[in-house]
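The values are calculated or read from the model by the stated rules, or taken from the named source; none is laboratory data. Fair warning: this is a prediction, and the values are worked out from it, not measured in the lab. Glycine also receives a Cβ, built like all others from the backbone with ideal geometry; neighbour counts cover every protein chain displayed.
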Amino acid sequence: MIHGMGGGVGLWVQSIDSLAEKRPVYAFDLLGFGRSSRPKFSSSAKLAEMEFVESIEEWRQEMKIEKMALLGHSLGAYLASAYSLKYPEKIEHLFLIDPWGFPGKPSGENERSRRIPTWVKAIGRILSPFNPLALVRAAGPWGELLYICRGLQTSL
């Protein structure tokens, strides 16, 4: 099972027991998410996609899974599709839950209309070292407590 953007294996916590009643079930954190490593990806969208696909293939080989039913949610569904196109012989079933991806650049668009203002670029450079999900990751074992407190706060 492959989670979506900003997720991790915790996405499946409510479903994994029932799914695993009749078959082995595997869930993993995509590279750069959850508790996985933080590799440097290519700046090319196509190359970064293939880096994700190859990481899934390396995981499959390491787990010694010959053929698999692959389930992906959101970005995970997009990557499951990309994986299935490259390695169709390794897929028994493919489940895509709310799949999405990034559209390509429209052809013929005026270069001037796409120009990003200098002040936006400056803010982007200042904020680029900060991951918007860093606070969630930093919460670590207290994440559940924060979630409970937020729930109590909204119910008051």
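Things to note:
- Residue match in the range 42-50 (condition: without any contact (Cβ under 8 Å) to a residue 24 or more places away in the chain, farther than 20 Å from L85 by Cβ and among the polar types (S, T, N, Q)): yes
- When the range 7-37 is filtered for residues that are over 19 Å from A77 (Cα atoms) and hydroxyl-bearing (S, T, Y), the ones remaining, listed by number, are S18, S37.
- Options D29, D17, D98: the member that is outside the structural domain of S128 (by TED's automatic domain parsing), in contact with a Lys or Arg (Cβ under 8 Å, 6 or more places away or on another chain), closer than 30 Å to A139 by Cβ and modelled with pLDDT of 85 or more: D29
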